[in-house]
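The values are calculated or read from the model by the stated rules, or taken from the named source; none is laboratory data. All of these numbers come straight from a predicted model, not from anything done at the bench. Every residue, glycine among them, receives a Cβ derived from its backbone with ideal geometry; neighbour counts consider all protein chains shown.
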Amino acid sequence: MKTYALTGGASGIGAAIKQQLCDEGHKVISIDIKDADIESDLSSAEGRSTAVAAVLAAAADGLDGFVACAGVGSHIENLGLIPSVNYFGAVALVEGLRELLAAKKGSVVLISSNSAPMETDADYVDTLLAGDEAKAIERAGAMEGQAAYSGSKQALTRWMRRNNGGYAAQGIRMNAIGPGYTRTAMSAAVENDPLYGPAIKEFVATIPLQRPGQPEDIAQAVSFLLGDAASFISGSMLFVDGGHDALFRPDSF
């Protein structure tokens, strides 16, 4: 049995990841704003510190892995939550749990998005990578929701790539998963949104494998990247999107 920590485990993709790992016989410490082992608001510095301290207490001998799945979508009214949760919340937890992961040579999986490679506001991404949360929140508030979302995921994936070497030197593998359209309560809210809904339905119809993703598709990929079968995979982005990234960017890899 291995011990994993997971943010966003109360619903959607996170709940499927938690179920997958529990079904495999592992211990999962779930972190979410509600309905979790550790209830904490990852949009705030205080909430992130509380979550890290609670995991340190629950897994004092180390972690075999950490999955940063907590996130908010492009449809929310308060766009400032997108950089705070999707980027700063994820990075703070990885950094805060680094020594626990090093103790067991654990692995990290970040839930990114297949929208991460898309062209977005470069200054916004640079602000995220520079660690200026206040400025990133301000910029996100003036952006279109999808741009704020994809930019947050691009920054998260680039942060993983930039920092992979230092973590790997401690035996910690870091990778990211880029889900495509996946049917969850959060994505359903966007699909049913009067502004974004029609475009989302058209988007789903273009998935090469001719179906939307299911949370279990992402959970199985996370399980693989966490496990020993992926022991030589580090610093990679795995697209789990039914072939969409290849369709959109056939000459990029």
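Per the conditions (1) over 17 Å from Met237 (Cα atoms); (2) of a type in the set (Ser, Thr, Tyr); (3) touching a residue at least 40 places away in the same chain (Cβ under 8 Å), the sole criterion not satisfied by Ser107 is (1). Taking the criterion of being in a loop (DSSP other than H, G, I, E, B), at pLDDT 95 or above and out of contact with any helix residue (DSSP H, G or I) (no Cβ under 8 Å at 6 or more places or on another chain), the only residue of region 143-172 that qualifies is Ala169.
Of the candidates Ala136, Ala90, Ala130, the single residue that is free of Cβ contacts under 8 Å to residues at least 24 places away in the same chain and either in contact with a Ser or Thr (Cβ under 9 Å, 6 or more places away or on another chain) or aliphatic (A, V, I, L, M) (or both) is Ala130.
No other residue among Ala189, Ala205 is over 30 Å from Glu95 (Cα atoms) and free of Cβ contacts under 8 Å to residues at least 60 places away in the same chain apart from Ala205. Only strands (runs of 3 or more DSSP E) whose full extent lies in region 1-97 are considered here, and the ones with at least 1 residues that are modelled with pLDDT of 95 or more and surrounded by fewer than 17 Cβ atoms within 10 Å (Cβ to Cβ) are 27-32. Among the residues making up region 73-87, those that are aliphatic (A, V, I, L, M) and free of Cβ contacts under 8 Å to residues at least 60 places away in the same chain are Leu81, Val85.
On inspection, Leu100 qualifies as of a type outside the set (Phe, Trp, Tyr), in a helix (DSSP H, G or I) and in contact (Cβ under 8 Å) with a residue 12 or more places away in the chain.
For region 3-27, a residue qualifies if it is touching a residue at least 60 places away in the same chain (Cβ under 8 Å) and out of contact with any strand residue (DSSP E or B) (no Cβ under 7 Å at 6 or more places or on another chain), and the qualifying residues are Ser11, Gly12, Ala15, Ala16, Gln19, Gln20, Glu24. On the basis of being surrounded by 18 or more Cβ atoms within 10 Å (Cβ to Cβ) and either at pLDDT below 85 or not β-branched (Val, Ile, Thr) (or both), does Ala199 make the cut? So Ala199 fails the test. Checking the stated criteria, Gly180 turns out not to satisfy the condition of being farther than 23 Å from Ala155 by Cβ and either at pLDDT below 95 or in contact with a strand residue (DSSP E or B) (Cβ under 6 Å, 6 or more places away or on another chain) (or both).
Selection of helices (runs of 4 or more DSSP H) fully inside region 173-253 by the criterion of at least 3 residues being charged (D, E, K, R) and either out of contact with any Pro (no Cβ under 8 Å at 6 or more places or on another chain) or within 15 Å of Gly65 (Cβ to Cβ) (or both) returns nothing.
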